[in-house]
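Undergrad: Right, I'll just put the structure down here and ask away after.
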Protein chains: 2
Amino acid sequence: MRSFTAQLAERVLAGQAPIVIGLDPRLDALPKGLLPGATPALRIVEFYRRALPVLARHAPCVKPNIAFFECFGGDGYRAYEQTCALAHQHGLLVVGDVKRGDIGSTAAAYAEGHFALADALTLHPYLGADSVAPFLAACRPEHGGRGVFVLVRTSNPGARDFQDLEVDGEPLCDHVARAVTAWGAELPRAEGYSPVGAVVGATWPHELARLRSLLPHSWLLLPGVGAQGAKVEDLAAAFDARGLGALVNQSRGVMQCFEPDATDWLECIDAAAATFATECRAVAHRQPHQGSK
Amino acid sequence: MRSFTAQLAERVLAGQAPIVIGLDPRLDALPKGLLPGATPALRIVEFYRRALPVLARHAPCVKPNIAFFECFGGDGYRAYEQTCALAHQHGLLVVGDVKRGDIGSTAAAYAEGHFALADALTLHPYLGADSVAPFLAACRPEHGGRGVFVLVRTSNPGARDFQDLEVDGEPLCDHVARAVTAWGAELPRAEGYSPVGAVVGATWPHELARLRSLLPHSWLLLPGVGAQGAKVEDLAAAFDARGLGALVNQSRGVMQCFEPDATDWLECIDAAAATFATECRAVAHRQPHQGSK
């Protein structure tokens with residue numbers, strides 16, 4: 001079984017767009033005609049059962065955010081499991097957007113549970129190296145070849161509160177970026193990239209080149225396009241000369257691009273994903289490029 | 001319905017020990033005679049069904065760590081829900097140790113889901129104010145009177161990696177502590193304490209007085225006693241003159257204090273919880289005291 005990073009690079013080099021579609025189910029944004037009267041969890045799974053084959057035409061990856069499943073309790077959690085399984089059935093890689101982070105022994109429990117469902121996970125950095133170590137262990141080829149994306153520079157306004165605090169003349173997030181590079185240094189790379197990626201908000205385009213240079217061997221997961229206001233055209237600095245090194249995320253702009261009473265919602269998703277893929281493929285191959293070779 | 005903070009203060013003032021028992025279920029540490037052959041989730045719930053009435057004699061609160069439930073998937077998540085419900089049936093307050101943290105819209109989904117189960121939650125600070133805001137909204141009396149404990153200084157060795165980075169002459173965790181105090185400033189206090197608490201590792205006893213002074217109106221949740229090496233006797237600085245202001249956590253030292261093949265495991269838990277309660281009650285009333293009045 002090839003590693004997450006190897007599969008991702010292979011797909012993008014083969015021409016797939018460097019994108020990931022965020023799956024953030026909201027009941028009021030589901031098609032009204034979809035299993036009306038069924039439980040939230042059943043409606044969510046049915047939505048993805050229909051949408052995932054369409055997404056698989058355009059994207060190498062999906063990123064279910066578990067918050068929007070957990071809020072429906074145990075049934076919602078099972079819907080998350082089923083959504084991950086369905087995505088895999090359609091050949092999609094799964095980035096579990098779980099943003100976990102706890103002390104080592106607890107992190108081991110999170111890693112065990114969540115890597116059973118997803119190929120890669122998002123992680124909080126605040127607890128430091130031992131909180132990330134159990135996830136890094138699972139990135140080794142002999143332990144599953146998983147991937148992680150550590151929160152470095154988040155897309156929200158509150159990112160400024162702590163991530164901008166100045167430490168030794170540079171913002172805290174730069175220190176976290178250096179740690180991410182260090183954590184990845186011992187792990188095998190695929191096409192120049194380690195399994196230890198970073199979340200870098202697309203909402204801070206003027207910071208992209210700097211963070212790209214601090215994270216030369218990390219895939220950057222770039223959220224914030226669409227509802228949060230970031231523009232695909234501002235993201236060229238995240239990619240290397242081969243169009244590798246970054247995955248642009250869009251959630252609402254693709255998965256909520258239709259009115260709930262629309263009957264052609266699958267066609268709408270298809271068209272929105274196609275447009276997003278085309279835009280991101282173009283920006284990934286635009287100069288100037290930075291990052292890993 | 002009285003707020004989490006008001007109920008907590010009331011119970012400790014009435015003589016309950018300032019403790020919280022961590023519920024971190026591990027299959028290899030459950031009593032072997034407990035539903036042998038049943039699913040992990042059923043065994044876990046049965047363990048707590050038997051243990052919670054015993055814990056309720058000694059502690060005002062329990063703190064289930066969801067990582068150890070989630071690792072059993074959807075069934076495990078349901079076991080977490082059932083454990084929270086059982087704790088409430090026995091009159092215990094529930095601190096959901098979920099350590100969530102995400103952008104505002106996602107944080108709202110987490111808050112909705114998790115405050116339906118627990119009275120208070122642990123949170124990551126890295127994403128800043130807007131990531132915490134939906135949880136703070138639920139702390140208002142008219143929205144449920146919930147509580148939060150923001151990770152300030154964690155108990156693990158990796159706490160040093162980022163929390164010690166120097167910002168304006170003081171460690172990052174002190175800046176997070178000041179933010180916690182600011183986030184709580186607009187919310188109503190009970191016995192001097194806001195609903196916005198802080199996690200401060202008991203493993204750093206020499207830092208307690210400093211963090212106590214930076215967090216004058218926060219309940220401190222102190223993990224790290226027992227398996228992680230911290231000593232109850234070193235924690236006096238966390239309490240005010242009334243014995244309020246801190247909750248000492250112990251997980252493994254109480255809930256895994258027996259050999260798996262023991263038949264008197266409930267008696268062992270009873271005794272361990274009683275001893276822990278006595279120790280913490282004593283240290284909470286020892287001078288010198290600092291903190292809120």
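The values are calculated or read from the model by the stated rules, or taken from the named source; none is laboratory data. Keep in mind the model is a prediction, meaning the values are calculated, not measured. In this analysis, Cβ positions are derived from the backbone assuming ideal geometry, glycine residues included, and neighbour counts consider all displayed protein chains.
Undergrad: Sort out which residues of the range A:126-154 are within 17 Å of residue A:222 (Cα to Cα) and either among the β-branched types (Val, Ile, Thr) or within 8 Å of another protein chain (Cβ to nearest Cβ) (or both), and write them in order of number.
TA: A:148, A:150, A:151, A:152, A:154
Undergrad: Cβ-Cβ under 6 Å, sequence separation 6+ or interchain: first residue in the range A:135-149 and within 15 Å of residue A:100 (Cα to Cα), partner buried (at least 22 other Cβ atoms within 10 Å of the Cβ) and of a type in the set (S, T, N, Q). Which pairs?
TA: Listed pairs, sorted by first residue: A:147/A:5; A:149/A:122.
Undergrad: Applying the selection to the range A:155-173, what residues are charged (D, E, K, R) and more than 7 Å from chain B (Cβ to nearest Cβ)?
TA: Hits for the range A:155-173 are A:164, A:168, A:170.
Undergrad: While we're looking at this one, here's another question. When you scan the range A:214-221, do you find a residue that is out of contact with any strand residue (DSSP E or B) (no Cβ under 8 Å at 6 or more places or on another chain) and either closer than 26 Å to residue B:180 by Cβ or within 13 Å of another protein chain (Cβ to nearest Cβ) (or both), even just one?
TA: Within the range A:214-221, none of the residues are out of contact with any strand residue (DSSP E or B) (no Cβ under 8 Å at 6 or more places or on another chain) and either closer than 26 Å to residue B:180 by Cβ or within 13 Å of another protein chain (Cβ to nearest Cβ) (or both).
Undergrad: Another question, then. Tell me which residues, restricted to the range B:8-56, are within 26 Å of residue B:220 (Cβ to Cβ) and small (Gly, Ala, Ser).
TA: B:9, B:14, B:15, B:17, B:22, B:51, B:56
Undergrad: Only one of these is within 11 Å of another protein chain (Cβ to nearest Cβ) and out of contact with any Ser or Thr (no Cβ under 6 Å at 6 or more places or on another chain): B:200, B:176. Name it.
TA: Only one candidate passes the filter, namely B:176.
Undergrad: Within the range A:205-214, can one find any residue that is surrounded by fewer than 24 Cβ atoms within 10 Å (Cβ to Cβ) and within 30 Å of residue A:29 (Cα to Cα)?
TA: Yes, the range A:205-214 has at least one match.
Undergrad: What single numbered condition from (1) touching a Gly at 6+ places or on another chain (Cβ under 8 Å); (2) more than 9 Å from every other protein chain (Cβ to nearest Cβ); (3) under 20 Å from residue B:181 (Cβ atoms) fails to hold for residue B:118?
TA: Checking residue B:118 against (1) touching a Gly at 6+ places or on another chain (Cβ under 8 Å); (2) more than 9 Å from every other protein chain (Cβ to nearest Cβ); (3) under 20 Å from residue B:181 (Cβ atoms), the one that fails is (3).
Undergrad: Is the range A:235-244 home to any residue that is surrounded by fewer than 17 Cβ atoms within 10 Å (Cβ to Cβ) and under 27 Å from residue A:145 (Cα atoms)?
TA: Yes, the range A:235-244 contains at least one residue that is surrounded by fewer than 17 Cβ atoms within 10 Å (Cβ to Cβ) and under 27 Å from residue A:145 (Cα atoms).
Undergrad: Being at the interface with chain A (Cβ under 9 Å from one of its Cβ atoms), assigned to a strand (DSSP E or B), touching a Phe, Trp or Tyr at 6+ places or on another chain (Cβ under 9 Å) and modelled with pLDDT of 95 or more: is that true of residue B:97 here?
TA: yes
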